[in-house]
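See structure below.
What follows draws every value from the coordinates through simple rules; no lab data is involved. Keep in mind that what you see is a predicted model, and the values were worked out from it rather than measured. Note: ideal-geometry Cβ built from the backbone for every residue, glycine included; neighbour counts use all protein chains shown.
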Amino acid sequence: MPGTELYGAEERKEINDVLETGIFFRYNHDAQRHNIWKAKDFEQEVKNITGAKYAHAVSNGSAAIMAALAAAGIGTGDEVIVPPFTYIASVEAVLLLGGLPIFAEIDETLCLSADGIRKALTPKTKAICLVHMCGGMADMDGIMALVKEKNLILVEDAGQAFAASYKGIYTGLFGKAGAYSFDFFKIATAGEGGIFVTNDEHTYKMADSFCDHGHDHVGSNRGMENHPVIGFNFRISELHAAIGVAQTRKVPFIKEKNNYNKSYLQSKLSKVNGISFAKVCDPNGDSATFLNLLLPDTETAKRTVDEMNKAGIGGFNYWFTNMYHFINQWEHIKDLKTTSKLPIELLGAPQDYNQLHLPKTQEVMGRLISFGVRCTWTEAQMDTLAAGIASCAEKALTVIA
Ligand SMILES: Cc1ncc(COP(=O)(O)O)c(C=O)c1O
């Protein structure tokens, strides 16, 4: 959790600015706020890092991905390709907007692959909700070629990949719109927060209105603003935005430390025969929030996890069985358990979610063990961790040798 590792005086100063004015609302109240606009500052900090033309701060990353899909025009009956390894928000957002998720294969990038997407396409596929997992990025050359070839709408959930880039372009900015999360577990946190980004003015205006009951935010009389579209309340508060400002300013430092620490661990662990790493398509753009180990097969990975639990090694996720980021744990999605009827229940799901055939995804996820990289680790701590992981993996690997 690098962002929270560095919580300190800078965050308190930004929060205090808001406490002094008492204006917690991001809009209006111009006279009382003494030029304190934290949501706008947060958006500017994100634009400074990513180069996005437009950024809009919202209440959380789930709202940001929903806004990105909505602003890109995804709605009832639209088929959207989604990954089976993601935080569930990406799938929920498609469903709640009335869309029809189609699950496609991921690969060793831990993201949807161009090949997986191509195989899942149907004549009705309208969009891809691409999720950049574990701090890295998808293999964008192949995916962008396919997006152009098939004239698809690309929306990026970069909830876990703020500040990651591929060949100089930041995640979230390849397609129509993108989303970042600034929840408590991310490279930078706002406590709760999210940012929507796009380079397209119309898409930005749609998201800006969608996230605030349709307000167009023109003029200074909120009660009499126009409402070009129906929206909802996904606003961020000034207090949360204030934390986001201070944290986002720390991201270049965190990213550098993360990369150093990840490389340090990788160089030690690459000496263990049998340990390899998830593919990072552009090592220069890695936000390095996760160290992703790949064991030779699922059984060895499970034994490694058991050995690490016995040895008291923590700080890792075995998504395959232990986390709700993976489709194997999504009974509510497979059985479409809903509080009230969604469009998918009337229109019919485009796949039988209980009978999905995703062998590549099952293979990669079975082998994957992810450690959260900490930017405050010392080399001594990393030496101990690497030695512990190596010893557990070697024990697990010996059984099959
Ligand atoms: C890939 C991805 N998308 C979306 C989200 C949702 O973000 P939030 O928790 O801010 O709603 C997360 C959060 O973990 C995520 O990892």
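Our note on the geometry: Cα centres of the stretch 343-365 and the stretch 19-48, 43 Å apart. Note on K167: lysines with a C-alpha under 16 Å away, same-chain residues under 8 apart excluded, are K279.
Net charge dipole, the stretch 2-251: roughly 300 debye, given to the nearest 20, about the Cα centre with Cβ charges of +1 for Lys and Arg and -1 for Asp and Glu.
Within the listed set V218, V18, V305, the residue fluctuating most in the Gaussian network model of the chain (springs between alpha-carbon atoms under 10 angstrom) is V218.
Between E45, E20, E11, the Gaussian network model of the chain with springs among Cα atoms under 10 angstrom shows the greatest mean-square fluctuation at E20.
Listed by chain and number, the aspartates and glutamates whose C-alpha is less than 13 Å from the C-alpha of K257, apart from same-chain residues fewer than 8 away, are E5, D286, E379. Looking at the square roots a ≥ b ≥ c of the eigenvalues of the Cα gyration tensor of the stretch 156-250, which shape do they give, rounded for a/c under 1.5, prolate if a/b is larger than b/c, or oblate? The shape class here is oblate. Over the chain, DSSP H runs of length four or greater, each weighted -39,500 (n - 2.57), average out per residue to a 222 nm ellipticity of -12500 deg cm²/dmol.
Cross-link partners for K38 among the lysines, with Cα-Cα distance under 20 Å and sequence neighbours closer than 8 places in the same chain left out: K13, K47, K53, K186, K205, K250.
Shape summary of the stretch 252-400, radius of gyration then Dmax from alpha carbon positions: 18.3, 58 Å.
Taking only the C-alpha atoms of the stretch 1-145, Rg followed by Dmax gives 19.0, 57 Å. With coordinates expressed along the principal axes, the C-alpha atoms belonging to the chain extend over 73, 53, 38 Å, beginning with the largest.
Normalised by 2.2 N^0.38 Å, with N the number of residues, the alpha-carbon radius of gyration of the stretch 219-291 equals 1.90. Largest GNM mean-square fluctuation among A145, A158, A55, using the chain with Cα springs under 10 Å: A145.
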